[in-house]
Amino acid sequence: MISPGVRISAAQSIEIGDACMIAANVYISDSDWHGLYNRTRPFRCTSPVRLGNNVWIGDSATICKGVTIGDNSVVGAGSIVTKDVPANTVVAGNPAKPIKSINPKRRMITREALFADAFRQAHNLDELDKMMLGGNTLLGWLRSVFFPRRSD
């Protein structure tokens, strides 16, 4: 899942594993895009980026060149990742530092599982719509327009 506003800029290589979730406004780059002293020479400061399987990158995080993020790891919103993140680790901050470990033996349900059975997923969404809209009627809408209550 790649949300709106994500920027992925690769001069060399960015690898994204299976079942990753990348939230809005995340920036992933494998390059500085110019040298520190010679700022006219592009693509000389590159190093591959790798996201393992089932990695979750929070809103507005930045993943810098040369970083590998291990399987099942989570990057907190707004974090700047400048160093490798081990598998099953939650990191946050600027620069990102480990704040929690994830138990790899605990069952993890991924977004990928939601789409494994498309018919079941469609049925579940239909049932959710019925539940959420169950009280909506034309008369109820008209009453809310002409005689609104605080609960409307």
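The values are calculated or read from the model by the stated rules, or taken from the named source; none is laboratory data. Everything numeric here is computed off the predicted structure, so don't read it as measured data. Neighbour counts are summed over all protein chains in view; Cβ atoms, including those assigned to glycine, are modelled from backbone coordinates with ideal geometry. Remember, those area values only see protein heavy atoms, side chains included, never the ligands or the DNA or RNA. Shrake-Rupley method; radii C 1.70, N 1.55, O 1.52, S 1.80 Å.
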key: Surface accessible to a 1.4 Å probe, Trp56 within the full protein complex, Å²   = 120 Å²
request  = Considering only Ile14, Ile99, Ile80, give the residue with the highest GNM mean-square fluctuation for the chain, with springs between Cα atoms whenever their separation is below 10 Å.
outcome  = Ile99
note = the range 43-128: spread of alpha-carbon positions along the three principal axes, whole Å, largest first, is 51, 32, 20
ask   = With every protein chain present, what is the per residue accessible area of the chain (1.4 Å probe, Å²)?
value = 70 Å²
message = Normalised radius of gyration for the chain, please: alpha carbon Rg relative to 2.2 N^0.38 Å, two decimal places.
response = 1.47
task = For the range 1-55, just the Cα atoms, rotate onto the principal axes and tell me the three extents in Å, largest first.
result = 38, 20, 12
ask   = Separation between the Ser144 and Ser47 pseudo-spin-labels, each 7 Å from Cα along Cα→Cβ, expressed in nm?
value = 5.5 nm
Stretchable slack from Arg7 to Phe115, in nm (0.36 nm times residue separation minus alpha-carbon distance) = 36.4 nm
query = Where does each of Arg111, Arg39 land when they are ordered by accessible area, with a 1.4 Å probe and the largest first?
reply = Arg39, Arg111
key: Whole-angstrom gap from the range 124-147 to the range 31-75, using each part's C-alpha centre   = 47 Å
remark   = Given the candidates Met131, Trp56, Cys20, the one whose Cα lies deepest towards the positive end of the charge dipole of the chain, counting +1 at each Lys or Arg C-beta and -1 at each Asp or Glu C-beta, is Trp56
note = Quick calc: nm separation of the 7 Å Cα→Cβ label points for Ile80 and Asp59 -> 2.1 nm
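Using just the helices of the chain, give the 222 nm mean residue ellipticity in deg cm²/dmol: DSSP H runs with n ≥ 4 each add -39,500 (n - 2.57), and the total is spread over all residues, rounded to 500. Let's see the in-between values first.
On the way: 3 runs with 29 residues, N = 152.
Computed ellipticity for the chain at 222 nm equals -5500 deg cm²/dmol.
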task = Let me know the charge dipole size of the range 40-152 about its Cα centre in debye, to the nearest 20, where only the beta-carbon of Lys, Arg (+1) and Asp, Glu (-1) is charged.
result = 500 debye
task = Name the lysines eligible as straight-distance cross-link partners of Lys83: C-alpha to C-alpha under 28 Å, and not fewer than 8 places from it in the same chain.
result = Lys65, Lys97, Lys100, Lys105
